[in-house]
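The values are calculated or read from the model by the stated rules, or taken from the named source; none is laboratory data. Computed from a prediction, not measured in an experiment: that's the story for all the values here. All Cβ positions, even for glycine, are placed from backbone atoms using ideal geometry, and neighbour counts span all protein chains on display.
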Amino acid sequence: MGNKAWARLADLTTTRFIIYIEPTYNDPIYIKMNTHHLCLGILCLGEASGYEIKKAFEETFSHFQATSYGSIYPALAKLTEQGLVSYREETQEKRPTKKVFTITEAGYTAFYQTLLKSEPSEQYRSDFLFLMMFAHLLPQEHIQTLLSKQTEHLKAELGILERIIADCQTLTPGMRFTLEYGIAANQALLRLMQQRSNALIEEINAARSPLES
């Protein structure tokens, strides 16, 4: 990596520590949410099959928690072994028997303790922002495509959240707030994309070194 590139990265890294202080929770009671906790949370809302839990992850919880589909069934098996969930088997015509999971009293207690002890932090990961960090290495047409796709993605996310908050009549105040939080964040990001995209491309082109052009 050239000296200029290292200087840019060092400047960005140093600036990050100046303007951002990571929230610290030194109390040893704090824990981080994992797939086990998320499964218990979904089952607190009602019984569900593994497939229904997967759909809940994809359609609702994916907006603020990340987990893999492959981790759900091992988590449910472990929770069953621990007595935190139980299940019954339902036969289906021309389909395999499915397991329908229910949270137990012990599961409710464990999840309640998790809520009390969970660290209220946020983690944000974005392939889009990683690509934009190196946008000076990309051709203009590719940058335009990235910006356009991200704008459409934000519009789609915003539409989903707005439909949920408009159509669902059984939201608790906390559930409504999480949706409002997501809507506000997506609206702000969408405004930024719409206001900055064209000028950003010009700025990137103007800042390119001869080797990056």
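Some observations on this one:
- Restricting I164, I204 to those that are β-branched (V, I, T), modelled with pLDDT under 95 and closer than 20 Å to T60 by Cα reduces the list to I164.
- Selection count, the range 74-112, where residues are at pLDDT 90 or above and not in a strand (DSSP E or B): 20
- Of all residues in the range 163-189, those that are of a type in the set (S, T, Y) have Cβ atoms under 7 Å from Cβ atoms of residues that are at pLDDT below 95, 6 or more apart or on another chain, in T178/F64.
- Considering T145, T109, the condition of being assigned by TED's automatic domain parsing to the domain that holds A77 and of a type outside the set (G, A, S) is satisfied by T109 alone.
- Of all residues in the range 126-147, those that are of a type outside the set (F, W, Y) and in contact (Cβ under 8 Å) with a residue 12 or more places away in the chain total 10.
- The range 109-123, residues that are surrounded by 12 or more Cβ atoms within 10 Å (Cβ to Cβ) and acidic (D, E): E119
- Residues (of a type in the set (S, T, N, Q) and touching a residue at least 24 places away in the same chain (Cβ under 8 Å)) located in the range 83-113: T102
- Residues of the range 90-108 that turn out to be farther than 13 Å from L45 by Cα, of a type outside the set (D, E, K, R) and surrounded by 12 or more Cβ atoms within 10 Å (Cβ to Cβ), as a count: 2
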